[in-house]
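A short write-up of the structure that comes next.
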2 protein chains.
Amino acid sequence: MVGAGPGDPELLTLKALNRLRSGDVVLHDALVSAEVLALVPLSARVLNVGKRCGRKCITQQEINPLLVSFAAEGKLVVRLKSGDPLLFGRGGEEIDALRQADVDVEIVPGITAAVAAASAAEISLTDRRYADRLLLLSAHRAPGKAEPDWRGLSDSRTTIVVYMPGDHKNIAKGLIRSGLNGQAPCMLISKISLPEQQSFKTTLEALRHMPLLPAPSLLIVGETVATARLTEHQPVYRQPPQTKTGTENRL
Amino acid sequence: MVGAGPGDPELLTLKALNRLRSGDVVLHDALVSAEVLALVPLSARVLNVGKRCGRKCITQQEINPLLVSFAAEGKLVVRLKSGDPLLFGRGGEEIDALRQADVDVEIVPGITAAVAAASAAEISLTDRRYADRLLLLSAHRAPGKAEPDWRGLSDSRTTIVVYMPGDHKNIAKGLIRSGLNGQAPCMLISKISLPEQQSFKTTLEALRHMPLLPAPSLLIVGETVATARLTEHQPVYRQPPQTKTGTENRL
């Protein structure tokens with residue numbers, strides 16, 4: 001089970017790259033970037049088991065036995081998950097299914113979106129001057145499921161990161177209702193670490209009028225956002241200080 | 001500003017390794033592992049600016065101008081921070097100092113301890129069956145500073161990770177006082193991802209009687225801990241499924 005990070009293949013860990021290169025079968029989420037998938041050797045079988053996979057969708061109840069059956073065939077299976085496998089994925093359920101089937105699991109962590117967004121925007125998620133805590137939560141709910149519980153989030157010294165914010169107008173309302181200040185700085189970032197990355201820095205109150213950004217996106221709320229280097233709708237993909245080009249020769 | 005991850009050099013990102021290899025000067029924390037430092041080329045000047053650096057300690061007020069002055073000399077400076085640079089470090093303050101001096105900054109994220117510990121213990125930090133949220137906080141306080149504020153932490157569907165727990169007896173008391181159940185599963189992990197890694201899985205109530213573990217350590221509290229593969233005091237460093245040996249030839 002390998003974390004693919006936010007999208008930029010250079011943000012894979014060395015261990016993740018090694019595992020990617022050695023898998024017989026790679027099962028990946030819809031959000032894993034094309035740039036990361038390009039690193040899988042041609043000899044491996046690659047399956048998109050993402051929940052957003054075009055017309056024919058696959059459920060979690062189908063993915064679990066698929067993992068087990070490839071393993072039973074003696075294949076080295078790489079389960080590639082965007083970000084980190086154990087944050088806002090279904091990592092726990094897949095691990096349980098594999099344990100029940102006596103399949104050996106190794107988990108390779110990945111750079112999660114909150115941390116990648118903070119680096120891109122140059123926001124310290126915690127900072128003794130502004131923020132003591134970091135709270136990560138997801139606004140994504142299955143259809144018919146309850147809204148996220150925003151209670152207890154009114155602490156101005158907590159940085160809040162909302163994964164998969166979707167309709168951020170409702171989130172802004174929920175956070176303000178929970179007691180957060182409408183003037184609290186916040187930032188929407190979309191397609192973190194990819195060339196298409198874009199971001200808006202605004203306030204909770206004004207967030208209601210912001211357009212939706214392409215998924216995957218992320219919302220960061222808290223005083224530290226005020227220090228962000230990114231300004232409104234600034235494309236932020238930067239070349240590193242050194243001007244080596246081409247991802248391949250650096251990997 | 002480069003995240004060194006939890007210690008295992010294979011948990012560096014590809015970008016972090018590239019930056020490490022190209023720096024003229026490397027300033028690192030005391031917690032950056034010897035294995036990671038071994039990847040710095042011999043041509044680079046390496047300085048330990050960790051707060052625990054033996055007899056002669058350096059303050060944040062001394063580190064900031066040091067970074068600026070190396071940059072002013074035209075040096076490519078790598079500021080290497082254990083874990084991720086923007087979580088529980090002084091990343092924000094160093095970025096501010098560098099911006100004020102008009103020094104270009106690039107931030108390379110790192111695998112933070114919470115995520116690395118979850119992978120090692122096979123705990124899903126969020127899991128729709130047990131935990132909707134993840135809260136990261138630090139128990140580390142400068143001498144004379146107030147205790148961390150444990151209020152509002154009594155949500156049983158939040159996984160809580162305490163960085164640098166130090167005296168975990170007090171933390172257990174504080175968390176129980178905040179409303180958490182004394183029977184809540186929790187886990188102490190020390191030296192995550194290194195060969196010396198060790199862990200205890202216990203309950204908040206029983207945590208008071210556990211011995212201190214060597215720093216750096218981490219405390220995870222929440223229902224998901226019950227699913228951990230690690231049991232009490234089990235050394236968990238595992239060889240990956242493939243039996244290639246030697247870190248060097250894999251990097």
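The values are calculated or read from the model by the stated rules, or taken from the named source; none is laboratory data. Just so you know, these numbers come straight off a predicted model, no measurement behind them. All Cβ positions, glycine included, derive from the backbone under ideal geometry; neighbour counts span all protein chains shown.
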Regarding A:LEU80, is this residue surrounded by 24 or more Cβ atoms within 10 Å (Cβ to Cβ), among the hydrophobic types (A, V, I, L, M, F, W, C) and more than 14 Å from chain B (Cβ to nearest Cβ)? yes
Considering each residue of segment A:97-109, count those that are outside any helix (DSSP H, G or I) and more than 8 Å from chain B (Cβ to nearest Cβ), and give that number. 3
What are the residues in segment B:10-22 that are more than 7 Å from chain A (Cβ to nearest Cβ) and in contact (Cβ under 8 Å) with a residue 60 or more places away in the chain, if any? B:ALA16, B:ARG19, B:LEU20
Suppose the filter is more than 21 Å from the chain's Cα centre (by Cα), not assigned by TED's automatic domain parsing to the domain that holds B:LEU87 and not in a helix (DSSP H, G or I); does B:SER154 pass it? yes
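Quick check on A:SER43: is it under 15 Å from the mean Cα position of the chain (by Cα), of a type outside the set (D, E, K, R), over 19 Å from A:PRO65 (Cα atoms) and more than 10 Å from chain B (Cβ to nearest Cβ)?
no
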If I filter segment A:79-89 for residues that are more than 30 Å from B:GLY89 (Cα to Cα) and touching a strand residue (DSSP E or B) at 6+ places or on another chain (Cβ under 8 Å), do I get at least one hit? yes
If you check A:GLY92, A:GLY5, A:GLY74, which single one turns out to be more than 24 Å from A:PRO195 (Cα to Cα), within 14 Å of another protein chain (Cβ to nearest Cβ) and in contact with a Ser or Thr (Cβ under 8 Å, 6 or more places away or on another chain)? A:GLY92
Going by what's in this entry, would B:ALA113 be described as more than 8 Å from every other protein chain (Cβ to nearest Cβ), touching a Phe, Trp or Tyr at 6+ places or on another chain (Cβ under 7 Å) and buried (at least 19 other Cβ atoms within 10 Å of the Cβ)? yes
Those residues of segment A:117-132 which are among the hydroxyl-bearing types (Ser, Thr, Tyr) and surrounded by fewer than 21 Cβ atoms within 10 Å (Cβ to Cβ) amount to A:TYR130
Residues of segment A:33-75 classified as among the charged types (D, E, K, R), surrounded by 13 or more Cβ atoms within 10 Å (Cβ to Cβ) and modelled with pLDDT under 90, total: 1
What number goes with the only condition from (1) among the hydrophobic types (A, V, I, L, M, F, W, C); (2) assigned to a loop (DSSP other than H, G, I, E, B); (3) at pLDDT 90 or above that B:MET210 does not pass? (3)
Subset of segment B:76-91 [more than 12 Å from the chain's Cα centre (by Cα) and either of a type in the set (A, V, I, L, M) or not in a strand (DSSP E or B) (or both)]: B:LEU76, B:VAL77, B:VAL78, B:LEU80, B:ARG90, B:GLY91
Single residue of B:GLU205, B:GLU196 found to be charged (D, E, K, R) and either within 17 Å of the chain's Cα centre (by Cα) or on the phi > 0 side of the Ramachandran plot (or both): B:GLU196
Among the candidates A:VAL46, A:VAL115, A:VAL77, single out the residue that is in contact (Cβ under 8 Å) with a residue 24 or more places away in the chain and β-branched (Val, Ile, Thr). A:VAL77
Residue set A:GLU35, A:GLU94; condition in a helix (DSSP H, G or I) and over 26 Å from B:ALA121 (Cα atoms); output residue A:GLU35
Enumerate the pairs (first residue in segment A:123-134 and more than 7 Å from chain B (Cβ to nearest Cβ); second residue anywhere and basic (Lys, Arg) and part of a loop (DSSP other than H, G, I, E, B)) with beta-carbon separation below 8 Å, excluding pairs fewer than 6 apart on the same chain, so at least 6 apart or on different chains. A:ARG128/B:ARG90; A:TYR130/A:ARG157; A:ALA131/A:ARG157
Residue by residue through segment A:99-142, note down the ones that are among the acidic types (Asp, Glu) and more than 30 Å from A:PRO65 (Cβ to Cβ). A:GLU122, A:ASP127, A:ASP132
When residues of segment B:133-185 are limited to those that are buried (at least 18 other Cβ atoms within 10 Å of the Cβ) and among the charged types (D, E, K, R), the one modelled with the highest pLDDT: B:ARG133
Restricting to segment A:186-202, and then to whatever is assigned to a loop (DSSP other than H, G, I, E, B) and out of contact with any Gly (no Cβ under 8 Å at 6 or more places or on another chain), can you tell me which residue is surrounded by the most Cβ atoms within 10 Å (Cβ to Cβ)? A:GLN197
Being touching a strand residue (DSSP E or B) at 6+ places or on another chain (Cβ under 6 Å) and under 27 Å from A:ASP149 (Cβ atoms) is the filter here, so list the residues in segment A:186-198 that pass it. A:CYS186, A:MET187, A:LEU188, A:ILE189, A:SER190
